[in-house]
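The values are calculated or read from the model by the stated rules, or taken from the named source; none is laboratory data. Small disclaimer: the values here were computed from a predicted structure and weren't measured. We place every Cβ from the backbone using ideal geometry, glycine too, and count neighbours over all the protein chains shown. Heavy atoms of the whole protein, side chains included, go into the accessibility calculation; ligands, DNA and RNA do not. Shrake-Rupley method; radii C 1.70, N 1.55, O 1.52, S 1.80 Å.
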Amino acid sequence: MTAQSNSGVPDEDALFTDVLIIGAGLSGIGAAYRIKERNPGLSYAILERRSRIGGTWDLFRYPGIRSDSDIFTLSYPFEPWKRPEAIADGEHIREYLTDTARRHQIDRHITFDTLVRSADWDSLTDTWNVQAEQGGATVTYSCRFLFFGTGYYNYDEGYRPEFPGETEFKGRIVHPQFWPEDFDYRDKKVVVIGSGATAITLVPAMAESAALVTMLQRSPTYIGSMSTRTKTVDAIRKVFPRKVSHTIMRWRNSAIIVLSYAFSRKLPETMKKLLRLVAVRNLPDGYDVDTHFKPTYQPWDQRMCAVPDGDIFKAISAGRAAVVTDRIKTFDSSGIQLESGERLDADIVVTATGLQLQSLGGTTVSVDGAEVKTTDRFVYKGHLLEDVPNLAWCVGYTNASWTMRSDMTAQAVAKLLAYMGEKGYTHSYPHLGDRSMSVKPSWDIKAGYVQRNPDALPKSGTHRPWNVRQNYVLDAIDHRFDRIEEAMVFGRVDDTVTIEV
Ligand SMILES: Cc1cc2nc3c(=O)[nH]c(=O)nc-3n(C[C@H](O)[C@H](O)[C@H](O)COP(=O)(O)OP(=O)(O)OC[C@H]3O[C@@H](n4cnc5c(N)ncnc54)[C@H](O)[C@@H]3O)c2cc1C
């Protein structure tokens, strides 16, 4: 198929599909499935900058990489998770995504090694013209509808502060986002800087063969422990067929996630006591739990970390890992000096210092040549952008499994496309008009990567359908009773007037 250029003249060289999905991670594969399921007649393609399927689960290769939310809610509702464990490691998630893409013939639609740089909407032809880099050349794609499954962070750079004196350090410094292949840390002294999910995953995994792994944190994080296998899950899976048991497990675990979040927000002091108890029970007698595992913020002000079967506590109890709560004064040739006057010996330092938040995979988006600053636009129903035609972005929850929202987004876009097809519309966009709306952050969480770059994401309003919520129950109700025309403008390419509903 061919597309039309800005001038309205068909551009014979542009590769045209009805829908163009950017990203072959969890969101992109899920979107392809949902869009095709509801709109079998539409053509689609996926452009992926990497050489493999998987996104996050392909990029991150550090020891122990795994989900920290349960896999039944992280996997798709339409594709049962077959392995027994409830917390899956990165390799198995990558395999699951690759198998899902293959089973539903989604893999045939993916073009790898293709980095999307820009997308311009042409309202003369109602098409997106997309410029991508492929093997050193620029290739033009075009489509009617553009779906961003590009995740939420910069793939090229992690967050990596510079530390005083680090050039003096004779050992190796590694960032988890770019883990070296076959990196040998056996019998080495390792310091992991950070206390987020990545640090908490890395410490027990590296402790299995390193001489000692020390987690150096400025301040503690809440840690809950989750069983990798439970009798209830095994029993449900034994009694019911695979698809039914997967659905039961998804509903059960979604309810647990929602209820435990609500409990933490309503009764933070009780939740704090429970979490402290988990640490006390799992750590040796006399361990200074309050210094190393008692955060100053409330549970879920930042994303809570779940560890499988208390693994980090076990590594500390076995003397293979340690936690130090302090601040870095300076690196020296063989370690790190701390502000307290203490010093940590290190052969290897892992900077688990985080991600850099980024929207739309760094793509420059414009409408008729005018750049769209995503931070100036409100988000509609969590996935469309104010006054930007035929474009969706897909992000998950910060307080629940990503897929719980990304699958709703994929289904909502599939429904919108079906509606447009039925009515013969070639464009649609959400429109707020002159209504004033207060602004709140899209991700209302005090995570470092959000606070460092609060303007990376589009704006959230304070009233539906313009507010981004981290509330699965309310979103699921809205999704079930969705009014597709609400605050939307629909039109056809050959119409002189658009239809505002
Ligand atoms: C270490 C780590 C652990 C996590 N653990 C969990 C967890 O336990 N539970 C949970 O719910 N969430 C977790 N997350 C969040 C995680 O990112 C989501 O679970 C999920 O993988 C996001 O899927 P996605 O497809 O939206 O984005 P990604 O997985 O980031 O995939 C985006 C894809 O888009 C491609 N892409 C980006 N920009 C472009 C471009 N311009 N052109 C072409 N291709 C592009 C990327 O190469 C990538 O393949 C974790 C994140 C990290 C970093």
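Worth pointing out:
- Residues of the range 232-262 that are open to solvent by 60 Å² or more (accessible area, probe 1.4 Å), of a type in the set (S, T, N, Q) and without any contact (Cβ under 8 Å) to a residue 24 or more places away in the chain: Thr232 alone.
- Residue within the range 159-175 that is within 11 Å of the ligand (Cβ to nearest atom) and either among the aliphatic types (A, V, I, L, M) or open to solvent by less than 20 Å² (accessible area, probe 1.4 Å) (or both) present: no
- Restricted to the range 347-359, and to residues there that are within 15 Å of the ligand (Cβ to nearest atom) and hydrophobic (A, V, I, L, M, F, W, C), the residue that is farthest from Phe145 (Cα to Cα) is Val350.
- Restricting the range 46-62 to residues that are more than 6 Å from the ligand (Cβ to nearest atom) and hydroxyl-bearing (Ser, Thr, Tyr), the residue that is surrounded by the fewest Cβ atoms within 10 Å (Cβ to Cβ) is Ser51.
- Subset of the range 88-113 that is in contact with a Gly (Cβ under 9 Å, 6 or more places away or on another chain) and assigned to a strand (DSSP E or B) - its residue that is farthest from Ile35 (Cα to Cα): Asp89
- Search result, residues across the range 261-319 that are among the aromatic types (Phe, Trp, Tyr) and touching a Lys or Arg at 6+ places or on another chain (Cβ under 9 Å): Phe293, Tyr297, Trp300, Phe313
- Exclusive hit being over 22 Å from Val367 (Cβ atoms) and at pLDDT below 95, set Glu12, Glu48: Glu12
So that you can scan it fast, the table gives a plain yes or no per residue for (1) outside the structural domain of Arg117 (by TED's automatic domain parsing); (2) of a type outside the set (S, T, N, Q); (3) within 13 Å of the ligand (Cβ to nearest atom); (4) at pLDDT 95 or above:
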residue: Asp345; (1), (2), (3), (4): yes, yes, no, yes
residue: Gly361; (1), (2), (3), (4): no, yes, yes, yes
residue: Val365; (1), (2), (3), (4): no, yes, yes, yes
residue: Asp368; (1), (2), (3), (4): no, yes, no, yes
residue: Thr374; (1), (2), (3), (4): no, no, no, no
residue: Tyr380; (1), (2), (3), (4): no, yes, no, yes
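- Within the range 90-108, the set of residues being buried (at least 20 other Cβ atoms within 10 Å of the Cβ) and out of contact with any Phe, Trp or Tyr (no Cβ under 6 Å at 6 or more places or on another chain) comprises Tyr96, Leu97, Thr100, Ala101, Ile106.
- Index of the failed condition, Ile29 passing every other in (1) of a type outside the set (Gly, Ala, Ser); (2) open to solvent by less than 10 Å² (accessible area, probe 1.4 Å); (3) out of contact with any helix residue (DSSP H, G or I) (no Cβ under 9 Å at 6 or more places or on another chain); (4) not in a strand (DSSP E or B): (3)
- Test for Asp495: is it modelled with pLDDT under 90, open to solvent by 40 Å² or more (accessible area, probe 1.4 Å) and assigned to a loop (DSSP other than H, G, I, E, B): yes
- Filtered by the rule that a residue be touching a residue at least 12 places away in the same chain (Cβ under 8 Å) and open to solvent by 30 Å² or more (accessible area, probe 1.4 Å), the range 210-231 gives Ala211, Leu212, Arg218, Ser219, Ser225, Met226, Ser227, Thr228, Arg229, Thr230.
- Test: residue in the range 388-396 that is in contact with a Lys or Arg (Cβ under 7 Å, 6 or more places away or on another chain), more than 15 Å from the ligand (Cβ to nearest atom) and not assigned by TED's automatic domain parsing to the domain that holds Ala447: no
- Qualifying residue in the range 449-462 (condition: aromatic (Phe, Trp, Tyr) and not in a helix (DSSP H, G or I)): no
- A count restricted to the range 63-74 and to residues that are open to solvent by 10 Å² or more (accessible area, probe 1.4 Å) and either more than 23 Å from Ser227 (Cβ to Cβ) or not in a loop (DSSP other than H, G, I, E, B) (or both) stands at 2.
- Residue list for the range 268-298, restricted to those being of a type outside the set (S, T, N, Q), touching a helix residue (DSSP H, G or I) at 6+ places or on another chain (Cβ under 8 Å) and more than 17 Å from Ile316 (Cα to Cα): Met271
- Of the listed requirements (1) under 23 Å from Lys188 (Cβ atoms); (2) surrounded by fewer than 17 Cβ atoms within 10 Å (Cβ to Cβ), Arg320 misses just one: (2).
- Index of the failed condition, Val191 passing every other in (1) surrounded by 19 or more Cβ atoms within 10 Å (Cβ to Cβ); (2) hydrophobic (A, V, I, L, M, F, W, C); (3) assigned to a loop (DSSP other than H, G, I, E, B): (3)
- Flag if Pro77 is more than 10 Å from the ligand (Cβ to nearest atom), under 22 Å from Ala199 (Cβ atoms) and open to solvent by 10 Å² or more (accessible area, probe 1.4 Å): no
- Screening the range 80-117 for residues that are under 30 Å from Thr353 (Cβ atoms) and modelled with pLDDT under 95 and picking the one that is farthest from the ligand (Cβ to nearest atom) gives Glu85.
- Flag for Phe147 being aromatic (Phe, Trp, Tyr), within 22 Å of the chain's Cα centre (by Cα) and farther than 20 Å from Val213 by Cβ: yes
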